[in-house]
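The values are calculated or read from the model by the stated rules, or taken from the named source; none is laboratory data. Since this is a predicted model, take the numbers as computed values, not measurements. Cβ placement follows ideal geometry from the backbone for every residue including glycine, while neighbour counts extend to all protein chains displayed. Ligands, DNA and RNA are stripped out before the accessible areas are found, and what is left, the full protein with its side chains, is counted by its heavy atoms. Shrake-Rupley method; radii C 1.70, N 1.55, O 1.52, S 1.80 Å.
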Number of protein chains: 2
Amino acid sequence: MNSPQERNGGFLPDQHDHGDCVAAALEDAIAVCGERGVRLTPVRRRVLEIIWQGHRPLGAYAILEVLSGEGHSPAPPTVYRALEFLLTQGLVHRLSSLNAFVGCSRPGHPGAGQFLLCTSCGTAAELNDPEIERAIERGAAAEGFVCRDHTVEISGLCPHCRGT
Amino acid sequence: MNSPQERNGGFLPDQHDHGDCVAAALEDAIAVCGERGVRLTPVRRRVLEIIWQGHRPLGAYAILEVLSGEGHSPAPPTVYRALEFLLTQGLVHRLSSLNAFVGCSRPGHPGAGQFLLCTSCGTAAELNDPEIERAIERGAAAEGFVCRDHTVEISGLCPHCRGT
DNA sequence: TACCGTAACATTATGATATTACAAAACAGT
DNA sequence: ACTGTTTTGTAATATCATAATGTTACGGTA
């Protein structure tokens, strides 16, 4: 089995085998939930899969729409509850600058991560850059502030869109 | 006149003379708008003052409520338009993790800034830390990403609340 | 002063995102 | 099968934001 320690959160080639990403994410999620004795129910699992369908953040109502197209038509709370579960277990991240959700590249791990958001193609990449974290920690400490969490969302152009 | 180059964005003592903050912010805003030939109309000016009433971020509808209590009862678009103007002129910032707005400590200057948000008292402080910016720039460049803008919002405990 | 063009504002309605409250069903342990 | 807990369903509503359209105020020109 693949270890859920760390996955590539960066920008991938356009034609990478994306089925692998979904499968791997699911495998990790099953492992993480198994270890913790929490339940990856069908709704939760399906929401996770839908989020992993692409490397671009998806809004709650977009997820809802996908589910609706599958005969299963849940109301908003169902989706938000599944998202909350996935957030709690560290399987997805919420991007507040987009009001959207994206798969976590280090499933099950705590920590906030930093995100690169391409304004052209909508793709997101996750960093877990200790330099950025240190800089933030230092900047905060200089003000006498104790960090609990952070939101770092960088918008710009990804390597693919930069050229065009 | 005070130069609008840079103000203290950090955490201030509880009992600082807050009237000064509002007055100074307003003075800066008038100067900035004057230089640029844009109009700080009564609505815009009043919204800016309301935001500066405290060092804590305020939601659009909270601003609306204050205005309503003053006899003047505008609809949401009026407030959002004023906010958009103030954002464009670099007089306020939007905090996407809170859906709220806060005064800018470097009125009129471009750039995103970083924010320390106390989860206990709701106070916000602004950093403009070159180290953090460099770290972000480097982290992004390592992925081949070109930064345009960034959102850095750090939640935790401010110096005052840390003790209690 | 009267006119015109533009910028700002008002009003109504609606879109988009998220939550509350409570009822029903599924599940795990016995 | 019984029981308590977790999960899901459902309806209503709160919260945040914008679209579309019309009106008013301002600044320049003659």
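General observations
- Per-copy distances of the A:Gly69 label point, shortest first, in nm (7 angstrom along Cα→Cβ): 4.7
- Label point distance in nm, B:Ala141-B:Asn99, each placed 7 Å from Cα along Cα→Cβ: 3.8 nm
- Inverse of mean 1/r across different Cα pairs in the protein assembly as shown, Kirkwood, Å: 21.6 Å
- Ellipticity estimate at 222 nm from DSSP helix runs (n ≥ 4, -39,500 (n - 2.57)) divided over chain B, nearest 500: -13000 deg cm²/dmol
- Relative contact order computed over chain B (Cα-Cα under 8 Å; 6+ residues apart), in percent: 24 percent
- Here B:Arg56 yields copy-to-copy label distances, from shortest upward, of 3.8 nm, the label point defined as 7 Å from Cα along Cα to C-beta.
- For the listed peptides A:28-35, A:103-110, a ranking on the average number of other beta carbons within 10 Å per residue, highest first, reads A:103-110, A:28-35.
- For peptide B:151-163, the mean count of partner chain Cβ atoms within 10 Å of a residue's Cβ comes to 6.
- Spacing of the two label points (7 Å from each Cα toward its C-beta) at A:Glu6 and B:Val43, in nm: 5.1 nm
- For peptide A:127-139, the mean count of partner chain Cβ atoms within 10 Å of a residue's Cβ comes to 6.
- With its label point defined 7 Å out from Cα along the Cα-to-Cβ axis, A:Gly34 lies at 7.1 nm from the matching points of the other copies, in increasing order.
- The distance between label points at B:His72 and B:Glu27 comes to 2.3 nm (points 7 Å beyond Cα on the Cα→Cβ vector).
- Residue-averaged beta-carbon neighbours from other chains (10 angstrom radius) around B:112-119: 4
- Electrostatic tally near B:Ser97: other residues with Cβ closer than 11 Å to its Cβ, Lys and Arg +1, Asp and Glu -1, net -1.
- Solvent-accessible area per residue for the stretch A:113-164 (1.4 angstrom probe, square angstrom): 42 Å²
- Pairwise burial A:B, computed as accessible area of each alone minus the pair, summed, 1.4 Å, Å²: 2800 Å²
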